[in-house]
Amino acid sequence: MTTYIFKRIFWAIVTLVVILFVLFLLLEFLPGSPFNDERLSVDQIAILREHYGLNKPFFEKAAIFFVNALKGDFGISYSIIKNQPVAGLVWSELGVSMRIGLQTMVIGSFLGMILGIIGVIAHNTWKDNAATIVSVIGVSVPSYVFALLLSYFVGYRLGWTDISYSIDKPYSSSILPTIALSMFVIAQVARFLRSELIEVLNSEYIQLARAKGVRSKQIIFKHGLRNALISVITIAGPLLVNLMTGSLVIEKVYGIPGIGSLLVNAIQVKDYNVIVMIAFVYSALYIAMNLIVDILYGVINPKIRVAKGGSS
């Protein structure tokens, strides 16, 4: 297991270095500039490029970029908040998105697993049909529709919670966006868990356990659930990264100062340093989540670890 983990960490680091190199190339060769302002003369633009070190030779800029990036320094913002360090700007916005994303994933996964298990225990009954309908609705209806419905009925008509996000009340004001985002998670987890559990429960070793008189609930929770969770973990990793890196539509609906809104603003004003850091953070989170998923595979099912040559 130790060898397997170190191999995965090594390739994760290599991948991040490659991504950094690609991001630098994009930063260097993308058309346009944050200084493409009609009010600026050619001489003023040249002074700005010299001030920010943009006129240095290619390899010198590459060396500076890599050294600073490894320290978490991606330069300063040229447009959104001038001369503000990008790292501070991104981390402050990312913190809000990550918190709401984690809330969504925990609630959505928990409720989705309950729905999936109900669908298996009460297979081909009205309870199973109801759970399936909820899953279909969660997958089919966009999250912003849930957001608007919740804002109107729960926030406005009933007045149970805040309609818009407030920095002063970060948890109570994030209830509605969390619920709106969690509907898709609930549906995905429920669908995958239900289908995998049904397949696992029809396997030969489960049939043997039934023949020996093992109770159905014990079979589901002790034997079936452990194997079925592998498919849930597979979708949970990318889902969590997408949630933690912000949902632009939900952030707009509830006025959340998250990373999604920051990325769109940076693209609009060509603030490339902000774009590059957000892209790198997204890539790092995605790679880290895939690494965690791979490790969890080995924990849940040791056969996967051995098959990949990761036994210690």
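The values are calculated or read from the model by the stated rules, or taken from the named source; none is laboratory data. Treat the numbers as computed from the prediction; the structure is a model and nothing was measured. All Cβ positions, glycine included, derive from the backbone under ideal geometry; neighbour counts span all protein chains shown.
In this structure, residue 151 does not satisfy being at negative phi, of a type in the set (Ser, Thr, Tyr) and exposed (fewer than 14 other Cβ atoms within 10 Å of the Cβ).
Search region 181-214 for residues being acidic (Asp, Glu) and either surrounded by fewer than 20 Cβ atoms within 10 Å (Cβ to Cβ) or not assigned by TED's automatic domain parsing to the domain that holds residue 229 (or both), and hand back the single one that is farthest from residue 234 (Cα to Cα).
The initial filter retains those residues of region 181-214 that are acidic (Asp, Glu), namely 196, 199, 204.
Still in the running and either surrounded by fewer than 20 Cβ atoms within 10 Å (Cβ to Cβ) or not assigned by TED's automatic domain parsing to the domain that holds residue 229 (or both): 199, 204.
Details: 199: 17, 204: 24 Å.
The qualifying residue farthest from residue 234 (Cα to Cα) is 204.
Of the residues in region 117-131, none is free of Cβ contacts under 8 Å to residues at least 12 places away in the same chain, more than 30 Å from residue 14 (Cβ to Cβ), assigned by TED's automatic domain parsing to the domain that holds residue 30 and not in a helix (DSSP H, G or I).
Conditions tested, residue by residue: (1) more than 19 Å from residue 262 (Cα to Cα); (2) out of contact with any Gly (no Cβ under 9 Å at 6 or more places or on another chain).
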| site | (1), (2) |
| --- | --- |
| 64 | yes, no |
| 86 | no, no |
| 90 | no, yes |
| 93 | no, no |
| 96 | no, no |
| 114 | yes, yes |
| 128 | yes, no |
| 156 | yes, yes |
| 160 | yes, yes |
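Would you say residue 136 is under 25 Å from the mean Cα position of the chain (by Cα) and surrounded by fewer than 20 Cβ atoms within 10 Å (Cβ to Cβ)?
On the way: under 25 Å from the mean Cα position of the chain (by Cα): yes; surrounded by fewer than 20 Cβ atoms within 10 Å (Cβ to Cβ): yes.
Against the criterion (under 25 Å from the mean Cα position of the chain (by Cα) and surrounded by fewer than 20 Cβ atoms within 10 Å (Cβ to Cβ)), residue 136 qualifies.
Identify, from the list 176, 201, 197, the residue that is modelled with pLDDT under 80 and either touching a helix residue (DSSP H, G or I) at 6+ places or on another chain (Cβ under 7 Å) or of a type outside the set (Phe, Trp, Tyr) (or both).
Details: 176 fails: modelled with pLDDT under 80; 197 fails: modelled with pLDDT under 80.
It is 201.
Inside region 225-249, residues that are buried (at least 21 other Cβ atoms within 10 Å of the Cβ), part of a helix (DSSP H, G or I) and among the small types (Gly, Ala, Ser) make up a count of 2.
Residue-by-condition table, conditions (1) assigned to a helix (DSSP H, G or I); (2) surrounded by fewer than 19 Cβ atoms within 10 Å (Cβ to Cβ); (3) in contact with a strand residue (DSSP E or B) (Cβ under 8 Å, 6 or more places away or on another chain); (4) modelled with pLDDT of 85 or more:
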{"site": "251", "(1), (2), (3), (4)": "yes, no, no, no"}
{"site": "275", "(1), (2), (3), (4)": "yes, no, no, yes"}
{"site": "278", "(1), (2), (3), (4)": "yes, no, no, yes"}
{"site": "289", "(1), (2), (3), (4)": "yes, yes, no, no"}
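Of all residues in region 270-283, those that are closer than 18 Å to residue 101 by Cα have Cβ atoms under 9 Å from Cβ atoms of residues that are among the polar types (S, T, N, Q) and at pLDDT 85 or above, 6 or more apart or on another chain, in 283/15.
What helices (runs of 4 or more DSSP H) lie completely within region 1-90 and have 3 or more residues being modelled with pLDDT of 80 or more?
Values: elements: 2-29, 42-51, 58-70.
So the answer is 2-29, 58-70.
Quick grid of which residues meet (1) in contact with a His (Cβ under 7 Å, 6 or more places away or on another chain); (2) not hydroxyl-bearing (Ser, Thr, Tyr):
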| site | (1), (2) |
| --- | --- |
| 171 | no, no |
| 175 | no, yes |
| 189 | no, yes |
| 197 | no, yes |
| 203 | no, no |
| 209 | yes, yes |
| 213 | no, yes |
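Output yes when any residue across region 254-267 is more than 27 Å from residue 293 (Cα to Cα) and of a type in the set (Ser, Thr, Tyr), and no when none is. Checked against the condition, which is being more than 27 Å from residue 293 (Cα to Cα) and of a type in the set (Ser, Thr, Tyr), region 254-267 yields at least one hit.
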